[in-house]
1. Looking only at region 56-80, which residues are open to solvent by less than 60 Å² (accessible area, probe 1.4 Å) and either closer than 18 Å to Leu15 by Cβ or among the β-branched types (Val, Ile, Thr) (or both)?
2. Please work out if Gln3 is polar (S, T, N, Q), open to solvent by less than 60 Å² (accessible area, probe 1.4 Å) and modelled with pLDDT under 95.
3. Kindly evaluate Phe52 against the criterion of being in a strand (DSSP E or B) and at pLDDT 95 or above.
4. Does Ala21 satisfy the condition of being open to solvent by less than 30 Å² (accessible area, probe 1.4 Å), closer than 21 Å to Gly78 by Cα, among the aliphatic types (A, V, I, L, M) and at pLDDT 95 or above?
5. Being at pLDDT 95 or above and part of a loop (DSSP other than H, G, I, E, B) narrows it down to one residue among Leu72, Leu34, Leu26, Leu57; which is it?
Amino acid sequence: MSQPRRYPLARPPRLDLDGFADSAGLHPELVRRLVTLGLLPATRDGTGALWFTQAELVTVARIRRLRAGLSLNYAALGLVLDLLDRIAELEARVRRGGDRPTIGG
């Protein structure tokens, strides 16, 4: 008999591996692989268990869109995610009226 599902009144500030994988719609092994490849940030507690923030669900959604839309392998996904983050950073700097971005920094 399965355990009854619990419905918390507030979302926890962080999710364990199984809770995160369930929320993301991924198998826990794939989540572990994404962490190992450096595509998904996670923290480890004293027992070595992985913990994730709710914000990392957005990262997983980006990974899934890129993988499905562009058929990228995991190595290429890391590069594309880094480039997209850099573009967002530069666009934010321009919107704030900061220094104009230069090549290489």
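The values are calculated or read from the model by the stated rules, or taken from the named source; none is laboratory data. Treat the numbers as computed from the prediction; the structure is a model and nothing was measured. Counting neighbours? That spans all protein chains shown, and the Cβs are built from the backbone with ideal geometry, glycine included. Just so you know, the surface numbers come from the protein's heavy atoms only, side chains and all, with ligands and any DNA or RNA stripped out. Shrake-Rupley method; radii C 1.70, N 1.55, O 1.52, S 1.80 Å.
1. Within region 56-80, Glu56, Leu57, Thr59, Val60, Ala61, Arg62, Ile63, Val80 meet the criteria.
2. no
3. For Phe52, the condition - in a strand (DSSP E or B) and at pLDDT 95 or above - is met.
4. So Ala21 fits the description; yes.
5. Answer to the selection: Leu26.
Per-residue answers, yes or no, for (1) of a type outside the set (Val, Ile, Thr); (2) more than 16 Å from Asp16 (Cα to Cα); (3) within 13 Å of the chain's Cα centre (by Cα):
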| position | (1), (2), (3) |
| --- | --- |
| Leu30 | yes, no, yes |
| Val35 | no, no, yes |
| Pro41 | yes, no, yes |
| Asp45 | yes, no, no |
| Gly48 | yes, no, no |
| Glu56 | yes, no, yes |
| Ile63 | no, yes, yes |
| Leu66 | yes, yes, yes |
| Ser71 | yes, yes, no |
